[in-house]
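Undergrad: Got a structure here, written out as structure tokens. Questions coming.
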Amino acid sequence: MELRINRRSLIALAAVGVLSASSFAVLRPEPGGASSHREAPMIAGDPRNDNTDLYAFVSPDKPDTVTLIANWIPFEEPVGGPNYYTFDTRSRYNIKIDNNGNGKPDITYQWTFRDEDRRGDATFLYNNGQVTSLNDPNLLFRQRYTLKRFDARHGWTTVIRDGVVAPSNVGPASMPDYANLRRQSLRRLPGGGVTFAGQADEAFFLDLRVFDLLYGGDLSEVGQDTTKGYNVHSIALQVPKEDLALRGDARRNPVIGVWTTTEKWSPGGFRQVSRLGHPLVNEVVVPAGLKDAFNSLSPDKDASIPAVVKRVTHPELPKLIEGIYKIPAPKTPRDDLVQIFLTGIAKANGPIKADLNSQILNKDADPRAFRPSEMLRLNMSVPPAANPRRLGLLAGDAQGFPNGRRLGDDVVDIALQVMEGAARTGKLVDALAAGDKVDVNDRPFQATFPYIPLPGSAAVNTR
């Protein structure tokens, strides 16, 4: 199957340069501490701090803005009451922006939460009647949040005080108009923009039986959206591009890198326990023994750990596919993956002969300070696609993953093809072209911010 790409598309690759692991110097892993992620050993028992997905895209209905969405708490069973799901009040939830390419955050948005619990010894109920507004006295438990913003010029500034988290969707008897509750939870930011925090539909779609010897060893275990019916907790932000761009100039400096972290309170202070940029990196690139450490790192440290870099240049997944499906693994070192995951796509960075989403493309960035690092990179100058394609860049849709990530991007199928060398050959691997046969989310995305669907209230085993 031929990809829908050409020279103007951004993954038409033929020649392959060589970018060896030795390009990333210094063997110096940092202590892992309590670092973890969903797929990492230590985060498995701490879902409130488990960052599951990150999205970054030019807002389709407001193309002068960028929308950032981050999710936590995987596999929320909608009827899991009476103590429903909450953000951790002893943690800090961050979305970080690197706009000059040095792997360090230039801008940080940080949410912290507190509980308002009026149940006391009187009741076990989350609500004792219909809830028709966020301030409804029948809502006995709610969370509020503070949103702060950091940049080098202004330091930390408080952007929102006493924001209200959209509650867990208890059900139609309790919350007959949940959409109205979400609308009320949106808060405008001073100077422009809007933010949201609350429960939402799990928008990540895939068949998780990939872990059963890669879809059953014969591609028989596909087509089931494993996350269908579950909810998550989301934080979303929509801000003008200038708020994120280097020197506030999105025309000269349109590329940003984005990642999220959770910092959890411990006796020694706040410690980073979760980190997420590209989807699936810590899941299928980083080995189990490094996952906790990886989640504790700042991206500027990535290149200093050859063990991590080698997992990119010599990935495990293609070898597994070769062993099970007899599809030859692409030759290593995989400089194409380094370009996609660590440096961003620019002609100067490797074999992908296109200038798309590396911060070195920013006119005011200092190339001497550039640092290969794992983060989700977005070129904000690429306008929203009129007809978004689920395979994103592989299908010639330059606004799609890995140029940022939209809610509808089929990142599992994209990543599988990229790992199998589609970015090198310009062709999809036919034997795997159908992917996991889960191509869309089970619930449609909304047309306006925060775009992610409303949370469901039906039990997963009834859907």
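Undergrad: So if each residue of separation counts as 0.36 nm, and I subtract the Cα-Cα distance between N461 and Y325, what length gain in nm does that give?
TA: In short, 45.7 nm is gained.
Undergrad: Reachable lysines from K62, Cα under 19 Å, same-chain residues fewer than 8 places away excluded?
TA: Counting by Cα, and skipping residues close in sequence, K62 has these lysines nearby: K241.
Undergrad: Fully extended, how many nm does the chain gain between K310 and D162 (0.36 nm per residue separation, minus their Cα-Cα distance)?
TA: Gain in length upon complete extension: 48.8 nm.
Undergrad: Out of the trypsin sites (Lys or Arg not before Pro) in the range 394-461, which ones are loop residues according to DSSP with at most 14 other C-beta atoms within 10 Å?
TA: Sites meeting the loop and neighbour criteria: K437.
Undergrad: Arrange the residues K291, K347 by how much accessible surface each exposes, largest first, with a 1.4 angstrom probe.
TA: Correct descending sequence by accessible area is K347, K291.
Undergrad: Find how much the distance from D64 to Q130 grows on full extension, using 0.36 nm per residue of separation minus their present alpha carbon separation; answer in nm with one decimal.
TA: 19.9 nm
Undergrad: Right, something else. Once amide H atoms are built 1.01 Å from N in the peptide plane, which residues 5 or more positions from I327, or in another chain, come under 5 Å H to H?
TA: E322
Undergrad: Sequence-distant or interchain residues sharing an amide H contact under 5 Å with D53, placed H: which?
TA: Counting only residues 5 or more places away or on other chains, the set is N71.
Undergrad: Show me, for the range 347-363, the HN-Hα J-couplings you get by feeding each phi into the Karplus relation (A = 6.51, B = -1.76, C = 1.60, θ = phi - 60°), rounded to Hz, glycine and proline as x.
TA: After applying 6.51 cos²θ - 1.76 cosθ + 1.60, I find 4, 6, 9, x, x, 6, 8, 7, 9, 10, 9, 9, 5, 5, 7, 5, 5 Hz.
Undergrad: Could you tell me the largest-minus-smallest coordinate of the C-alpha atoms of the chain on each of the three principal axes, in descending order and whole angstroms?
TA: Cα spread of the chain along its principal axes, largest to smallest: 68, 54, 46 Å.
Undergrad: Considering Cα pairs under 8 angstrom that are at least six residues apart, work out the relative contact order of the chain and quote it in whole percent.
TA: Contact order relative to length: 26 percent.
Undergrad: Got a sec to turn the phi values of the range 404-420 into Karplus ³J(HN,Hα) couplings, 6.51 cos²θ - 1.76 cosθ + 1.60 with θ = phi - 60°, whole Hz, x for Gly and Pro?
TA: x, 7, 9, 4, x, 5, 8, 5, 5, 5, 5, 4, 4, 5, 5, 4, 8
Undergrad: For the chain, what is the mean residue ellipticity at 222 nm derived from helices alone (per DSSP H run of n ≥ 4: -39500 (n - 2.57); sum divided by total residues; nearest 500 deg cm²/dmol)?
TA: -3000 deg cm²/dmol
The values are calculated or read from the model by the stated rules, or taken from the named source; none is laboratory data. None of the values given here were measured: they were computed from a predicted structure. When we count neighbours, we look across all protein chains shown, and the Cβ atoms used for this are built from the backbone with ideal geometry, even at glycine. Only protein heavy atoms, including side chains, enter the accessible area calculation; ligands, DNA and RNA are left aside. Shrake-Rupley method; radii C 1.70, N 1.55, O 1.52, S 1.80 Å.
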